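Remarks on the structure that follows.
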Amino acid sequence: MSDQNTTVTKQETLAVLRNPGELYVIISGATKQPFVCCDGETYDDEVFLYYREEDAKEKTKRLAEEKYATAVAKMENKQLLSFYTSLYTMGVNCLAVNHGTDTQISIQLSDLVARKIPDKLPNGQKLVENPALQLTAAYFMQDLRRQASPQPTEELKELQEELLAHYKKGTFLMVVQEDGQIPMLKQKDGTVYQPVFTDMLEVQRFARGQKIKTAVVTAAQIPGLLAKQAKGVVINPFGVTVQLKIEKQIPQKADT
């Protein structure tokens, strides 16, 4: 009887998530993306969704007690498909619906949105995504921003090492503006970083409708492609915003 009730509740939840009327998501102040959490029992990487705004705000209060800065964002029905699909690029696999209420339930993302990736893309294009890097970066930045002390914790050190390992194995997108200029991001101290992106969704957030060209590059190629004034790269400047200092490689002249 219990299994039957669970199945019904799951099917009802799936139906509501596809056409909720109102749906609220918890957003991380550290990453400007949905707040991610690893379930302590299932180890699912999940985001928090609520049908009622007051329940969502209550969740942000509980997260604030744990020193996480979060906010509530309302999702429109027309945004839902792109939102659910974007969770795949973030490395998220689960939706924690109404968490902390008497109607809470966990839904696997794959049960809600079946994502089909074509075997071949047109014109020799390559699908660039780094979900493991995105997820690790989200956990790293969320934890970093809640630290009162500048001294890194052991957990932060482990996340940083994992992040760097994913970066070194990654393939990314670099952009050039329509006028041929390479965009740069200036920091408060005057140093500049060159943006790189984990996927096309992050490129689109950065471009905001402007015409740009993209190039697919590996992490190993990036030092040789950095602009002269760049001190390193910033990964997804409109998302996780992770800065990595990278020394530019200057091509050596061949002996004559």
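The values are calculated or read from the model by the stated rules, or taken from the named source; none is laboratory data. Note that the structure is a prediction, hence the values are computed from the model and not measured. Glycine also receives a Cβ, built like all others from the backbone with ideal geometry; neighbour counts cover every protein chain displayed. Side chains included, ligands, DNA and RNA excluded: accessible areas come from the protein's heavy atoms. Shrake-Rupley method; radii C 1.70, N 1.55, O 1.52, S 1.80 Å.
Counting only C-alpha contacts under 8 Å and six or more residues apart, can you give the relative contact order of the chain as a whole percent? Don't jump to the answer; show the numbers that get you there.
Details: 410 pairs, mean separation 39.9, N = 256.
Relative CO of the chain lands at 16 percent.
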Task: Proximal lysines relative to LYS157, as straight alpha-carbon distance under 21 Å, when same-chain residues fewer than 8 apart are discounted - done: LYS67, LYS168, LYS169, LYS245
Open item on the list: Just to be sure I understand: if I project the alpha-carbon convex hull of segment 88-187 onto a plane and average over all orientations, what area do I get in nm²?
Closed with: 11.2 nm²
- [ ] Just grab the label-to-label distance for LYS168 and ALA215, each label 7 Å out from Cα along the Cβ direction, in nm (one decimal).
- [x] 2.4 nm
Open item on the list: If I histogram all Cα-Cα distances within the chain using bins 10 Å wide from 0, what percent of pairs lands in each bin?
Closed with: 6, 27, 32, 22, 9, 2, 1, 0, 0
Task: Stretch gain in nm, segment GLN125-LYS157, where the contour uses 0.36 nm per residue and the Cα spacing is subtracted - done: 7.9 nm
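Among the chymotrypsin sites (Phe, Trp or Tyr not before Pro) within segment 1-88, which fall in a DSSP loop and have no more than 11 other Cβ atoms within 10 Å of their own Cβ? The partial results should precede the final answer.
Working: sites: TYR24, PHE35, TYR43, PHE48, TYR50, TYR51, TYR68, PHE83, TYR84, TYR88; in loops: PHE35, TYR43, TYR51, TYR68.
When the chymotrypsin sites (Phe, Trp or Tyr not before Pro) of segment 1-88 are filtered for loop state and at most 11 Cβ neighbours within 10 Å, TYR43 remain.
Could you give the length gained on full extension between ARG208 and GLU58, defined as 0.36 nm per residue of separation minus the Cα-Cα distance, in nm? The partial results should precede the final answer.
Working: separation 150, 0.36 × 150 = 54.00 nm, distance 3.26 nm.
Using 0.36 nm per residue and subtracting the Cα-Cα distance, I get 50.7 nm.
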- [ ] Compute the acute angle (0 to 90°) between the alpha-carbon long axis of helix 154-169 and the principal axis of greatest extent of the alpha-carbon atoms of the chain; round to the nearest 10°.
- [x] 60 degrees
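Under the rule a/c < 1.5 gives rounded, and otherwise a/b versus b/c splits prolate from oblate, where does segment 111-248 land using the Cα gyration tensor? Mind dumping the intermediate values first?
On the way: a/c = 1.79, a/b = 1.17, b/c = 1.53.
Oblate is the answer for segment 111-248, as a/c is 1.5 or above yet b/c matches or exceeds a/b.
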- [ ] Quick one: Debye curve from the alpha-carbon atoms of segment 1-118 only, equal weights, vacuum; give me log10 I(q)/I(0) at q = 0.12, 0.15, 0.19, 0.23 Å⁻¹ to two decimals.
- [x] -0.41, -0.66, -1.07, -1.56
Task: Accessible surface of the chain [probe 1.4 Å, protein heavy atoms]: carbon and sulfur percent - done: 50 percent
Open item on the list: I want to verify a result. In a Gaussian network model of the chain, Cα cutoff 10 Å, which of these has the top mean-square fluctuation: ASP55, ASP199, ASP39?
Closed with: ASP39
TODO: Consider just the alpha-carbon atoms of segment 142-212 and return their Rg together with their Dmax, both in angstrom.
DONE: 15.7, 45
Task: Accessible surface, segment 47-140, averaged per residue in Å² (probe 1.4 Å) - done: 55 Å²
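Using R₀ = 25 Å, calculate the FRET efficiency as 1/(1 + (r/R₀)^6) where r is the Cβ-Cβ separation of VAL192 and SER86; round to 0.05.
Working: r = 28 Å, r/R0 = 1.13.
Calculated transfer efficiency: 0.30.
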- [ ] Give me the distance between the Cα centres of segment 131-158 and segment 181-216, rounded to whole Å.
- [x] 23 Å
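Compute and list, largest first, the equivalent-ellipsoid semi-axes of segment 191-230 from the alpha carbon gyration tensor, each √(5λ) rounded to a whole angstrom. Before the final figure, lay out the partial values.
Numbers: eigenvalues 75, 35, 16 Å².
Values for segment 191-230, descending: 19, 13, 9 Å.
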Open item on the list: Under 8 Å for C-alpha pairs, at least 6 residues apart: give me the relative contact order for segment 75-146, rounded to a whole percent.
Closed with: 32 percent
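Which FRET efficiency, nearest 0.05, do LYS248 and GLN147 yield, Cβ-Cβ r, R0 41 Å? Walk me through the intermediate numbers first.
Values: r = 30 Å, r/R0 = 0.74.
With a Förster radius of 41 Å, E is 0.85.
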